[in-house]
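Okay, so here's the structure we're looking at.
Read the figures in this text as sums done on the coordinates, not as results from a lab. As the structure is a prediction and not an experimental result, all values here were calculated from the model. Here the Cβ is made from the backbone with ideal geometry for all residues, glycine too, and neighbour counts use every protein chain on show.
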Amino acid sequence: MNPAAPSPDRPLAGRVALVTGSTDGIGLATARELARQGCHVMLNGLGEPERIAGLRQEIAEAFGVEVAHAAADLFDAGQAGALVPEVLGRFGHLDILVNNAGTQHRGPIESHPTDRWRQVFALNVDAAFHTIRTALPAMRERGWGRIVNVASVYGLVGGTDRSSYVASKHALVGLTKAVALETADTAITCNAVCPGDVSTRIFYRNAKLMAEREGITREAAQRRIAAANMPSGQVVTPEAVASLIAYLCSEAAREIRGAAWPIDGAWTTR
Ligand code: NAD
């Protein structure tokens, strides 16, 4: 059997995916899921070179795909604009773009440093603008593409003490809709996913701190944090977000366009 040919087990075989911010958290889970479905993957994100080399090897060996890493720091517009050309240089084409890298600043707007505001927008919005504007010509040439932007529930509703995060994630949802319309007559789709609380490293760190502070078990702290925002009382796993992203990259999802899809335990339905 040709390993590059799509099959039910590997529906994305032969595709090339770029996932920004994929050395950890949701991005890493997404890179793994796309690789599992047969995609070659360009990782991007910060971290120790040895650890990143280990991730590349682990994913490549587990799923029989090529895995590379682009070190672009997406706070920098020049590096964000050069990322897709780097993918095209390495793999020859780009089929799937997942704009996942993101950052936030906590605190009231009155004390929000202006430079941090710019930084949050640079990573959460501008980087996606640069990757999309550089990816679209290559996708149009191939006649197929999937763009998924990782927004947040805070792209759909407000929240206190995170004004730049809320504003930037709303902007990312707006960008998603604009790109979906500009590509509506093609086989290229653009959607956003909007997770609630996700059990990434920071969730476990916060639960550990709460457990120590309040003399409760880590499990009890995890349940308390989850229940604070999520009507379901459950946090979302990175793997569940990755599965949703991979679904939006599937053939079946070809007429899902411009959606901002919550995965939030009913947070935004209240
Ligand atoms: P994470 O902190 O676990 O991982 C972030 C990734 O982005 C890492 O690979 C890191 O190296 C990379 N990164 C950070 N700064 C970068 C930069 N300047 N250039 C390139 N890469 C950079 O993050 P996460 O929690 O998995 O979040 C991923 C996305 O999901 C973000 O956009 C975040 O806003 C969104 N999100 C997260 C949650 C959550 O609860 N974790 C909820 C909703 C939305």
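Calculated translational diffusion coefficient of the stretch 173-241 (20 °C, 1.002 mPa s; Stokes-Einstein with Kirkwood radius over alpha-carbon pairs) equals 150 µm²/s. Shown for the stretch 1-70 is the translational diffusion coefficient from the Stokes-Einstein equation, using the Kirkwood radius over Cα pairs, a temperature of 25 °C and a viscosity of 0.890 mPa s: 208 µm²/s.
Relative contact order for the stretch 161-226: what percent, with Cα pairs under 8 Å and sequence separation of 6 or more?
Numbers: 29 pairs, mean separation 12.4, N = 66.
That works out to 19 percent.
Here the contact order of the chain, divided by its residue count and restricted to Cα pairs under 8 Å and six or more residues apart, works out to 18 percent.
Each Lys or Arg adds one and each Asp or Glu subtracts one; over the other residues with Cβ under 14 Å from the Cβ of GLY81, this totals -3.
Dividing the convex hull volume of the Cα atoms of the stretch 52-127 by its residue count, what figure in Å³ per residue is obtained?
Numbers: hull volume 8.8 nm³, N = 76.
About 116 Å³ per residue, rounded to a whole number.
Applying a DSSP loop filter and a limit of 16 other Cβ atoms within 10 Å to the chymotrypsin sites (Phe, Trp or Tyr not before Pro) in the stretch 34-100 leaves PHE75. All alpha carbon pair distances within the stretch 159-198 were sorted into 10 Å bins beginning at 0; the resulting P(r) in whole percents reads 27, 43, 22, 8.
Under 8 Å for C-alpha pairs, at least 6 residues apart: give me the relative contact order for the stretch 195-270, rounded to a whole percent.
Working: 75 pairs, mean separation 29.9, N = 76.
RCO, the stretch 195-270: 39 percent.
Max-minus-min Cα coordinates of the stretch 22-165 on each principal axis give 50, 34, 27 Å, with the largest extent listed first.
In the elastic network of the chain, a GNM with C-alpha springs shorter than 10 Å, the most mobile of VAL193, VAL157, VAL235 is VAL157. For the chain, adding -39500 (n - 2.57) for each run of n ≥ 4 DSSP H residues and dividing by the number of residues yields -14500 deg cm²/dmol at 222 nm.
With viscosity 1.567 mPa s and temperature 4 °C, the Kirkwood radius over alpha carbon pairs of the stretch 106-230 converts through Stokes-Einstein to a diffusion coefficient of 78 µm²/s. Over all alpha-carbon pairs of the chain, lay out the pair-distance distribution in 10 Å bins, whole %, shortest bin first. P(r) over the chain, rounded to whole percents: 7, 29, 37, 21, 6, 1, 0.
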